[in-house]
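One structure below.
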Amino acid sequence: METEKRVPDWLSVKSVGLVVAVVFFFIPFFIEFEGLSPMGHRMLSVFLMAIALWITEAIPLHATAALIIFLNILLVSDRAMLPLPDDYKAPGFSTFFFSLANPVLMLFLGGFFLADGAAKYKLDKNLAKTLLKPFGEKPSNIILGLMLIVAVFSMFMSNTATTAAFMAVVLPVIARLPPGDRGRIALALCIPIAANVGGMGTPVGTPPNAIALGALNAQGIHISFVHWMAMIFPFMLVVMVVAWQLLVRLFPCSSKTITIEIDSSYDRSPKAILFYFVAGTTILLWFTEPLHGVSSAIVGFFPVVVMLSARLISDKEFHSMQWSVLWLVAGGIALGTGVGQTGLDNWLIGLIAWDQMAPAMIGGALCLVALVFSTIISNSATANLMIPIAMSLAVSLGDDMNRLTAAVFVAIGASLAMMLPISTPPNAIAYSTGQVQTKQMAIMGALVGGTGLIIFILVAPHVWALFGLLE
Amino acid sequence: MKRIVILCVEDEAEVLDAVLRDLSPFKSVMRIEAAESVDDAKTVLEECAADGHPVGLILCDHLLPGVRGVDFLIALQQDAHYVATRKVLITGQAGLEDTVRAVNEAKLHHYIAKPWKAEELQTVVRDQLTEYVIRTQDDLIPYVGVLDGARILEAVASSGRDQ
C-alpha cells in the first residue's frame, strides 16, 4: 500500500469545529455577560455555535441552518423548553418555521426554475453563441464579451453553474493556445470574476442578496427587483470593465485571434418554446414591478407553477434542485429574527464605540469585514451572520446610516471576495483547471475586490441618495 | 477526501511496471494500487474498504495464476460494493468465449488489447474515471484538471450551487 500523509481523523477541522461549536454553545449558560438580558444569553449561545459551525463547516451549511431554526424554537420562542422571563415578548414558534417559506425564498425559487430550464433547453449556450458573435475574434474583445455574458447569466443563474458551463466552453480554446501564453490565465480567470461580480446584479443573483432582501423585508423595507438592479447594476458594470482592463493588461494574449466554438442550436420543441415564453414573461414582470405593483416574490412563483404543471421540469429534476441553498438562506432569516427579538443585536453593537467613527468609515468597515470573512468562509454564511447586526447598527446610528445601505454593503462585500480558490465555488472551478496559480488569483482578486470596495463605499451611496434610491 | 483507487491486476512484473508508468498522470488525484494475483487483489480491495477508499477502476489481466481475470471481474460485478467500479480488461489472450462472458456478466466497460500505446491506455482510464466520478462523487471540482475537464464541468453546471 502507498502511504499517505494525513492527520488523524479526530484532529480534522470538522471535528475540532464540532467541539468548538458545543463549547461555544454552553459558554453563555455558565458565564454572565454584563448588560445582556437572560434571553440575549440564550441567543448568544445559538449565535456563537452558528459562527463555529459555519466557519468550520463541521456539518453541512444547510444543516446548521436547520439547527438554528430548531434551537430558536427550543430556546427563545413561545414554546421554549426553558422558562421565559415575564417581560420577554416571545415570538411564536411558527415564526421560525415560517422562515422556510419567506417570500424572498419564493423569489429565489423562481430564479432556480428559470436557471434549470435555461440549462435544460440549452438556452444559456444558444444565447451565449448568439451574443458572442458581435465581439469578433480579437482576444481582448472576446474576453470582454465572455465577461459580460457570464455576468448577465449569473444575475439569474447560480454563479457556480454559470462558471462551470462557460469554463467547459473555454477549456478547448485554452488548450489551443501555446503553453505559457498568458492569455490562458486571462481566459480562465475572466469567467469566475465575471460570475462573482455579476451575481451582485439582481436579487436572485446570489444567496447573500436574498439574505439582505429577507432581512429588509422583515423590517418592512420592501425593495423591488428593479430597485435592487438600479442600485447595483451600473456599479457592477464599472467593476466588470475595470476587471476586464486589468485582465487583458496583466495577462495579454500572444495570439492575434481566438475563436470560441459553441456547438448548439435553438431548441424549437413546444416545451422549449413554452419555457422561453415563461422565462421572458417572468423577467419582464420582475423588471416592470413599479408599473404593475405585483411583488417579485409572487412573480417568482409564476414559473414554478407553470413549469411544474406543464412538466417542463420533471419530478426527478424537481427533487434535485438546490433546496440546500433555500434552507441556508432560511437559517439566516431565522437567526436574524432571534437576534433582533432577544436584543442580542444591540448588546453586540454596544461592544464597539461606533460614535468614535465616521459614518462612511462604518459603512466601509461593514463591506470590508464581509469581504474578509467571505474570502475564507461561505458568502451566505457571512451574510447570515453579519446582516442582522449591520442593520441594527444602522438603526442605532440614527440618520447617519440607512438600513438598506448597511444590508447591501454586507451582501456586496461578500460577493467581492474572490482572492483564493476557496473563496467561492467559481474560483475553485477556475483553479481546478490547472491554468491559474493561487498567486495570480490573489492579485486579481485583490485588485477587483479593492476596486469594487472603493466604488461602492465612496461613490455609490452618493449616487443612491441623489436618485432617491434610499427612501 | 478519500482518494479514489485505481487497481491494476497483472502477474508479469514488466507489464505491471509499464501499466503503472502509463498511469502516472493520474497519481496526483487518484491512489494507484497494484496486485499480482486475484488473491492479492482481494487483499488490496479489503484494505481499501477498511480505509474507506472507493475503488473507481480495475485494470485486469486475464491470464493470471489461479483465478482468471474474467471470473474475478464477474465476481466483483455481483458484489454491490463494486457495481459502480469501472472494469477494464487488458489482455492479449482472452478467447472469444471469455470476452463475451466478460461483457455480458461482468458488464465490462472496456477491452484493451496488448500491446497498447500509453496514450490509448490514458484515454481509456480518463474516460472511465470521468464516468465514475460523475456518477458517484458529490464534489467533482478536484477532478477537472486531471480527468475530462469539459465533461466534468458540464456535470457541475447542472448541479452547481452557490454557497
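The values are calculated or read from the model by the stated rules, or taken from the named source; none is laboratory data. What you see is a predicted model, and the numbers here were worked out from it, not measured in a lab. Note that we place each Cβ from the backbone using ideal geometry, even for glycine, and neighbour counts take in every protein chain shown. For the accessible areas, the whole protein counts, side chains as well, though only heavy atoms, and no ligand, DNA or RNA atoms are used. Shrake-Rupley method; radii C 1.70, N 1.55, O 1.52, S 1.80 Å.
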* **Options B:Val70, B:Val103: the member that is open to solvent by less than 40 Å² (accessible area, probe 1.4 Å), farther than 20 Å from B:Arg21 by Cα and among the β-branched types (Val, Ile, Thr)** => B:Val70
* Structure fact -> Checked segment A:393-439 for anything more than 12 Å from chain B (Cβ to nearest Cβ), open to solvent by 30 Å² or more (accessible area, probe 1.4 Å) and within 30 Å of B:Ala150 (Cα to Cα); matches are A:Met419, A:Leu420, A:Gln437, A:Thr438, A:Lys439
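Residue-by-condition table, conditions (1) of a type outside the set (D, E, K, R); (2) within 11 Å of another protein chain (Cβ to nearest Cβ):
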residue	(1), (2)
A:Gly110	yes, no
A:Ala115	yes, yes
A:Tyr121	yes, no
A:Lys129	no, no
A:Phe135	yes, no
A:Arg176	no, no
A:Arg184	no, no
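Conditions tested, residue by residue: (1) assigned to a loop (DSSP other than H, G, I, E, B); (2) among the small types (Gly, Ala, Ser); (3) within 14 Å of chain A (Cβ to nearest Cβ).
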site: B:Leu89; (1), (2), (3): no, no, no
site: B:Leu129; (1), (2), (3): no, no, no
site: B:Leu147; (1), (2), (3): yes, no, yes
site: B:Ile152; (1), (2), (3): no, no, yes
* If you take the residues of segment A:304-341 that are among the aromatic types (Phe, Trp, Tyr) and touching a His at 6+ places or on another chain (Cβ under 9 Å), which of them is farthest from A:Ala161 (Cα to Cα)? -> A:Trp327
* **Residues of segment A:384-425 classified as at pLDDT below 95, of a type in the set (Gly, Ala, Ser) and within 21 Å of A:Ala161 (Cβ to Cβ), total** => 1
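For segment A:89-121, which positions are surrounded by 17 or more Cβ atoms within 10 Å (Cβ to Cβ) and outside any helix (DSSP H, G or I)?
A:Pro91, A:Asn102, A:Tyr121
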* Asked: Out of segment A:78-88, which residues are aliphatic (A, V, I, L, M) and either touching a strand residue (DSSP E or B) at 6+ places or on another chain (Cβ under 8 Å) or exposed (fewer than 12 other Cβ atoms within 10 Å of the Cβ) (or both)?
  -> A:Met81, A:Leu82
* Return the pairs, sorted by first residue and then second, in which the second residue is β-branched (Val, Ile, Thr) and outside any helix (DSSP H, G or I), the first residue lies in segment A:149-170 and is facing chain B (nearest Cβ under 7 Å) and buried (at least 24 other Cβ atoms within 10 Å of the Cβ), the beta carbons are less than 7 Å apart, and the residues are 6+ apart or on different chains. => A:Asn159/A:Thr206; A:Asn159/A:Thr424; A:Met167/A:Thr433
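For B:Asp162, state whether it is surrounded by 14 or more Cβ atoms within 10 Å (Cβ to Cβ), of a type in the set (Asp, Glu) and not in a helix (DSSP H, G or I). Don't jump to the end; show me each part of the working.
Working: surrounded by 14 or more Cβ atoms within 10 Å (Cβ to Cβ): yes; of a type in the set (Asp, Glu): yes; not in a helix (DSSP H, G or I): yes.
For B:Asp162, the condition - surrounded by 14 or more Cβ atoms within 10 Å (Cβ to Cβ), of a type in the set (Asp, Glu) and not in a helix (DSSP H, G or I) - is met.
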